[in-house]
Every structure is written in C-alpha cells, then in structure tokens.
Amino acid sequence: MTTMQRSGWNEMATINRDLLAPLRHVGPTYLTVVCGLALIVVAGAATWVHQIETGIGQTNMHHPIFWSSYIASFVYWIGVSHSGTFISGVLRLTKAQWRRPVTRIAELMTIISVMIAALCVFFHLGRVWRWYYLLPYPSQRDIWPDFRSPLMWDATAIFTYATASTIYLYLPLIPDFALARDRVGGWRKPVYALLCLGWKGTQREWETLSTAIRIITPLIVMVMISVHSIVGWDFGMSLVPGWHTSIIAPYFVVGAVHSGLAMVAVGLYVVRRQGALDDYIRLEHFDKLGKLLVVTTLTLAYLYFADQLTVWYGKIPDEMAILHALVTGDYAVAFWSMILLIYVFPLALLTIPRFRTWPFGMMLLGIGINIGMYVERMLIIVPPLTHPRLTYVWSRYFPSWTELTILSGACALAVLLYLLASKFVPLISIWEEKEGRLHGSGG
Amino acid sequence: MSDSTSPQTPQWGMVVDLDRCTGCEACVVACHAENNIRISGEAEAAQGRAINWIRIERYWEGEYPNVSVKFMPVLCQHCANAPCEPVCPVYASYHTPDGLNAQVYNRCIGVRYCGNNCPYVARQFNWFDPHWDAPLQEQLNPDVTVRMNGIMEKCTFCVQRIRKTKEQAELDKRPVRDGEIQPACVQTCPTSALVFGNRRDPESQVSRMAKNDRGFKLLESLGTDPAVTYLKRLN
Ligand code: SF4
Ligand code: SF4
C-alpha cells in the first residue's frame, strides 16, 4: 500500500464527518431563512387562490397577449432544470473528475426546478380545476387529449423528464442513504433504511449500481435535449412572427444550459459557504464552471445573432416590427440589459482567469445571468404577441402585482425546497467523493 | 369529422364589402346582444379586456390633409385550415362538417394557445366571470350559453341561428334557402356590407359576390383558407 492510498483511507472518516454534518445541524439562521421563505410562499399561494376564484384577469394579460410571465417562468425553470442533467450527465459521460462535488448539488436543482416549472403551468391555466382534461383517461365521451398539440408533447416530455431525473438523482443516492442510516439515525433512520433498499455495499451491489448509472446517464442527456427542444417548439410550431423559426429548439437548449450552469455557480457558492466545505468545493470547480459558461455564452450568442440577422436581412415587416420593438422600441431597456447580462458581462469577466477563481464574483455573475435569462424568456414571449400582423390590435404588457407575487412565491418555494432537502440529502455525493480521492486522478 | 361531410353539406361563408362599410358598429352591438357577450366597463376596456367577436378596425390612408378613414370589420374567419385548431391540447377548438370553426366551451381549460396562433387575433378570452348591468341581464339570449371565466370564445357565425334554420328546413323536407340564415351582424348591417350563405352553392349570393374581382382574403398568404371574403376597390 502506497503512502498516497493510506492517506486516502485516513481521509474517509473526515469525509463522512464533514459531509454528513449539515444533516445533523440546524442553526438559527437556517430556521429564520426557512420561516421567511415560507411566508413568501404563503403569500404567493394566497394570491394564487384569489386568482383562481376571480379569474386570470388578475394578471395584466389582455387581448392579444395571451401568454406572458407564467409561461416565461415555466420556460425559465425548465431551463434551470437542465443544470443537473447537463453538468452531471455530460460530466459523467466524459468522466470528468471535477464533477464529483458538483453533481448532487446540480441534480437536486433539476428535480426542484422541474416541479416549479410544472407549477407555473398551473398558474397559467384559465380553468385550472379542469387540468385533468390533459390526461389521456378513458371517458364516456371518448375524448382524448389532442396529441397534435405541442402542449401535449410538452406535457409528455416534462413528465418523462421529471421521472427520469428523479431516478437519476436517486440511484447515486442509495449508498449515501445507507451511510446516513448508519450514522445519522434518529427519526430519520427508518426513512433512510427504506430509501437505501437494504444496501450493504457488496461488490455485486456496487457493480449493479455502476451499470445502472452508466445506462441512465446517456439516456437522461438525450431526454434533456429533447425536453427543451419541445419547449422551444411550443413557440416554433406556431404562426406567430418572431416565434416561427427553426433555430428556436437548439437556441432553447443552449439557453437552458446557460442559465442552468449559472445557477450551479450560485448553488456551489452557497453550499460552500454554509457547510464550510472549502476542501470539497474548491476554486478549481469555479474555474471549470466558468470555462463551461464561456462556451455556452459564445454558442448562445452565435445562435441569437444568426436568428436576428436572418430577420433583419429579410426585412419582412411582420418580423421587423418585433425587432424594432426590441432594439429601439418599447422593450429596448429590457433588451439591452439582457444583452449585457447574458452575453457581454459573462464574456468580459469569465475570460479573466482570476475572476473564475473568485467564488463571490462567480455567484454574482450567476445571479446576473439568471436575471438576464429570465428577461430573455419574457422578451421571447411578449413582443411577438404585442405585435401581431394586424397592426390595429398592437399593444403593450407589463406584469401585474398578482403575477409578481405568485411568481415570487414560486421562487421562494424553490429555495425553500432546496433548503429542506439539504437537511435530508447529503449535498455532495459522499461515495463518489471517496471514490475520487482513492482512485481518481486527484479531485 | 370529414367522413360525415357529403357533397350536400353546406360550407358556410361570409362576404364583407369594405366599400359599403361605414364603420357604424351596429354589427358589434348586434353580436353582443345575440351572443350573450359580457359587457366590460370603461376601465376594463382601457386594459384591452373588452370582448368583441366582431370588431371594426380603423385605418387611415393618405397624407394630411388628404386623409381618408377605412373601416374593416374583423371576425373569426372560420379558416378551413385553421391554425387555432391543432394547437388546442384538449380538442376544444375543432372544425365542424359544415365548415365552422367551433369552440367547445365546456372543454376549454384556458391554455390560450389558440389565441396566440390565430393570425387575425379573433379569439377572445374571459378574464373574469361575465356580468351585465341591470336590466341588461333580462335580455340574455336563451339559445346561447353564458361563458364563465377562464374560457376562450369567438364568433360562431351565430351557430344557434344556423342550427335552428337547418332543423326547420329538415322538418319541412327542403334544403336551406339562400339568405334564409342571417347571423345577427348580417341582419343588422344598415348598408348590407355583410352577406352570409353557403359557399358550396355556386348560385348563392356569397358565391356570386366572392367571385367579384374586388375580392380578397385577409392575410391570404398564410394559407389559412378563410371562409370570409373581403371586397375592396383598389385604385
Ligand atoms: S380566424 Fe382565428 S379563430 Fe377563426 S378559425 Fe381562423 S385561426 Fe381560428
Ligand atoms: S356571425 Fe354572429 S357571432 Fe359572428 S360576428 Fe356576426 S353576429 Fe357575431
């Protein structure tokens, strides 16, 4: 046994202690934040109930703007949900060693943001109490959902994605649940015992697990790409000028990865600060994430440029009206802020090596990119709807208090769920971390 | 649906003569009364929430001082190739054998995709529950449902009048006569700018008028194949 390996083995106890610590400890700050978030969630929920009782008119949507902030949020949250699968799927596929402390943090984001995205669809429905018409259930009238509608493709894709990513989060959790069962105990012991499916850690179990992970990883990456393409096709399949473009599917996929990666940067920073996990989430991780973000920034900018150039060069009046509204018209402020936040700042800052290893800066940039991507989602949806072909019905839109409250509630719910989960699930995959220290090429 | 379409099934259509329209909006009022369309107050109308199944679009032509105002009544075009239909996930928007674009209110869950995908922005949404100031609630049409909030609605070509006339004709064992069906807007138009009838019958008034060389379809290049033909002198 070499010295290196021996020191590796000695580290095991420390790793267990460090990474299980957040599960054991609940501090006053934590409780305060949880309560604060819960209040926002309650406010959002109450506003939603009010909207259901009185009607969608509580929003600022009006003829001809039939979709707005709820759908934008839906698209945004689906985008964030790509963080998990992209980071963890692609990095697992490419056997990147630095993925180890990042995957779980990202996968948990995936599940939670898919749930929030689904919730946004419910905010949007005019008669939400009839949502089950979307299910293909046998009824006396023999009416099924219409699978010609991109919204049905969407519902199917989201459901598949939610299921697949739950499995994808769960599989690598099994050994960690077993560890928690043995070391955390308390009221959670029986739950962990149930969830770890009687994991003992035999050679056969490890082999089965790694085969399972190896099978599901490429699948989930494919599902991820298809899901966001389909979300893009909700727009691309329509006749609306500004939506009807074939570039929209790849554009949405890359945009989703862009906001997802940025969100992971925020998550890494917070988890590192809260859990004092500087030994696990190292500067190198921020650096690698920063490099990936440069790639997505450039790809996204390229796709966006290609799309707008085609519009501008074609000079079709229906589409030019929208481009004008963005660049110099009603939405110019939002448009140029978006350009700064998602293209210019990331490119300017992330190409400076020193910046990439500054966690606080990376977090700020991550938040900036996410705000920018949210604005971008709104700009995809709203200006084309306010500028239909018949100019007589042109209009404007800005979200109402009802929309803002409900959406803040949803946002708070996402953070709240994450905080609650962090007390139940080790945020860094313990066994993968150990595996890395013992067998990986350092880190 | 198409299997029940025999060559005898009429295909309803309308002709709108823009050279006759004076923009008086009588059709708008008649449509409101006939179809139990909710009345929106001033504030709601200012928010763009007023529901009109037929609207008079106003356009100015020429440079000051030689301007002239042009009016264009726009209603659901009952497109044969309707972009609003396939996008509905629950079949609330569908095509009837006699060429109407129908909206099944009970089925609508309010995803509003159809509203986005109608290039004529003909679809209207109930943002709130309907309401009529007294005594207007006394004049609701018993042949037409009242739509609750969360539901999409639009011009039906006054389907209740079509069905009633058709049933009467069936009882009398005769075909529906040309001009026998008059939607509320057509009936009320003081200049007879609107004409309704069976597009499949070459002798009907709509068919003869649609052949006029002033005829065109709205946003024809989109390929939606509307059942409404507009007439306008181009000079
Ligand atoms: S005009 Fe609009 S609502 Fe009417 S059939 Fe055509 S697409 Fe549908
Ligand atoms: S045909 Fe009937 S429903 Fe359609 S605009 Fe005229 S009055 Fe209204």
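The values are calculated or read from the model by the stated rules, or taken from the named source; none is laboratory data. On a predicted model such as this, the values are computed, not experimentally measured, just so you know. Neighbour counts run over all protein chains shown; Cβ positions are idealised from the backbone, glycine included. Heads up: the accessible areas ignore ligands, DNA and RNA and are worked out on the full protein's heavy atoms, side chains in. Shrake-Rupley method; radii C 1.70, N 1.55, O 1.52, S 1.80 Å.
For region A:398-413, name all the residues that are farther than 16 Å from residue A:59 by Cα and either surrounded by 20 or more Cβ atoms within 10 Å (Cβ to Cβ) or of a type in the set (Ser, Thr, Tyr) (or both).
Here is the first cut: in region A:398-413, the ones farther than 16 Å from residue A:59 by Cα are A:411-413.
Listed by number, the list holds a single entry, A:413.
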Exercise. Please work out which one of (1) touching a strand residue (DSSP E or B) at 6+ places or on another chain (Cβ under 6 Å); (2) within 14 Å of chain A (Cβ to nearest Cβ); (3) away from ligand 2 (no atom under 16 Å from the Cβ); (4) not charged (D, E, K, R) is the condition residue B:230 fails and give its number.
Key: (3)
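Of everything in region A:72-95, what is open to solvent by less than 10 Å² (accessible area, probe 1.4 Å), hydrophobic (A, V, I, L, M, F, W, C) and either touching a strand residue (DSSP E or B) at 6+ places or on another chain (Cβ under 6 Å) or more than 25 Å from residue A:437 (Cβ to Cβ) (or both)? Give them in sequence order. Before the answer, list the steps.
Within region A:72-95, the first condition is being open to solvent by less than 10 Å² (accessible area, probe 1.4 Å), and the residues that meet it are A:72-73, A:75, A:78-85, A:87-89.
Of the ones still in play, those that are also hydrophobic (A, V, I, L, M, F, W, C) are A:72, A:75, A:78, A:80, A:87.
Passing the criteria: A:72, A:75, A:78, A:80.
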Quiz item: What are the residues in region B:54-102 that are out of contact with any Ser or Thr (no Cβ under 6 Å at 6 or more places or on another chain), away from chain A (no Cβ under 11 Å), within 16 Å of ligand 1 (Cβ to nearest atom) and not aliphatic (A, V, I, L, M), if any?
Solution: B:73, B:76, B:77, B:78, B:95, B:96, B:99, B:101
Quiz item: Is at least one residue of region B:150-171 assigned to a loop (DSSP other than H, G, I, E, B), open to solvent by 30 Å² or more (accessible area, probe 1.4 Å) and either under 30 Å from residue B:43 (Cβ atoms) or away from ligand 2 (no atom under 15 Å from the Cβ) (or both)?
Solution: no
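When you check residue A:81 against the structure, is it closer than 18 Å to residue A:220 by Cβ, more than 11 Å from chain B (Cβ to nearest Cβ) and at pLDDT 85 or above, yes or no?
On the way: closer than 18 Å to residue A:220 by Cβ: yes; more than 11 Å from chain B (Cβ to nearest Cβ): yes; at pLDDT 85 or above: yes.
For residue A:81, the condition - closer than 18 Å to residue A:220 by Cβ, more than 11 Å from chain B (Cβ to nearest Cβ) and at pLDDT 85 or above - is met.
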Quiz item: Could you list, in sequence order, the residues of region A:96-124 that are surrounded by 20 or more Cβ atoms within 10 Å (Cβ to Cβ) and either within 11 Å of chain B (Cβ to nearest Cβ) or touching a strand residue (DSSP E or B) at 6+ places or on another chain (Cβ under 9 Å) (or both)?
Solution: A:121, A:124
Exercise. Those residues that are free of Cβ contacts under 8 Å to residues at least 12 places away in the same chain, in a loop (DSSP other than H, G, I, E, B) and either within 9 Å of ligand 2 (Cβ to nearest atom) or exposed (fewer than 15 other Cβ atoms within 10 Å of the Cβ) (or both), I need them from region B:12-44; list them, please.
Key: B:41
Quiz prompt | Of all residues making up region A:134-191, the number that are over 30 Å from residue A:230 (Cα atoms), open to solvent by 60 Å² or more (accessible area, probe 1.4 Å) and of a type in the set (D, E, K, R) | solution = 3
Quiz prompt | Residue match in region B:77-94 (condition: open to solvent by 10 Å² or more (accessible area, probe 1.4 Å), at pLDDT below 95, part of a strand (DSSP E or B) and within 30 Å of residue A:230 (Cα to Cα)) | solution = yes
Exercise. Test residue A:390 against the stated conditions and say whether it is away from chain B (no Cβ under 11 Å) and at pLDDT below 95.
Key: no
Quiz item: Among the residues of region B:23-48, which ones are of a type in the set (Val, Ile, Thr) and in contact with a strand residue (DSSP E or B) (Cβ under 7 Å, 6 or more places away or on another chain)?
Solution: B:28
Quiz item: Taking residue B:177, is it more than 16 Å from ligand 1 (Cβ to nearest atom), part of a loop (DSSP other than H, G, I, E, B) and in contact (Cβ under 8 Å) with a residue 40 or more places away in the chain?
Solution: no
Self-check item: Conditions (1) within 16 Å of ligand 2 (Cβ to nearest atom); (2) over 17 Å from the mean Cα position of the chain (by Cα); (3) acidic (Asp, Glu); number of the one not met by residue B:178
Solution: (1)
Exercise. Could you name every one of the helices (runs of 4 or more DSSP H) located completely within region A:160-268 that has at least 2 residues being more than 14 Å from chain B (Cβ to nearest Cβ) and among the acidic types (Asp, Glu)?
Key: A:174-183, A:203-236
Quiz item: Hey, residue B:73 hits all of (1) assigned to a loop (DSSP other than H, G, I, E, B); (2) open to solvent by less than 10 Å² (accessible area, probe 1.4 Å) but one; which does it fall short on?
Solution: (1)
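Does region B:119-154 hold any residues that are of a type in the set (Asp, Glu) and out of contact with any helix residue (DSSP H, G or I) (no Cβ under 9 Å at 6 or more places or on another chain), and which are they? Let's see the steps before the verdict.
Keep residues of region B:119-154 that are of a type in the set (Asp, Glu), which gives B:129, B:133, B:138, B:143, B:153.
Listed by number, the residues that qualify are B:133, B:138, B:153.
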Practice problem: Please enumerate the residues belonging to region B:45-69 that are away from ligand 2 (no atom under 16 Å from the Cβ), closer than 16 Å to residue A:393 by Cβ and in contact (Cβ under 8 Å) with a residue 40 or more places away in the chain. | Solution: B:49
Quiz item: So which of A:31, A:20 ends up being open to solvent by less than 10 Å² (accessible area, probe 1.4 Å) and over 22 Å from the mean Cα position of the chain (by Cα)?
Solution: A:20
Exercise. Determine which single condition residue A:67 fails, assuming it passes every other condition in (1) touching a Ser or Thr at 6+ places or on another chain (Cβ under 6 Å); (2) within 14 Å of chain B (Cβ to nearest Cβ); (3) buried (at least 21 other Cβ atoms within 10 Å of the Cβ).
Key: (1)
Exercise. Please list, ordered by first then second residue, the pairs with beta carbon atoms under 7 Å, 6 or more apart or interchain, first in region B:75-100 and over 20 Å from residue B:158 (Cβ atoms), second within 10 Å of ligand 1 (Cβ to nearest atom) and assigned to a loop (DSSP other than H, G, I, E, B).
Key: B:81/B:224; B:81/B:225; B:83/A:239; B:83/B:118; B:83/B:119; B:83/B:224
Quiz item: Is it the case that some residue within region A:142-157 is more than 14 Å from chain B (Cβ to nearest Cβ) and either closer than 21 Å to residue A:256 by Cα or not in a helix (DSSP H, G or I) (or both)?
Solution: no
Quiz item: Which of the residues that make up region B:117-157 are within 29 Å of residue B:81 (Cβ to Cβ), more than 14 Å from every other protein chain (Cβ to nearest Cβ) and more than 16 Å from ligand 1 (Cβ to nearest atom)?
Solution: B:144, B:145
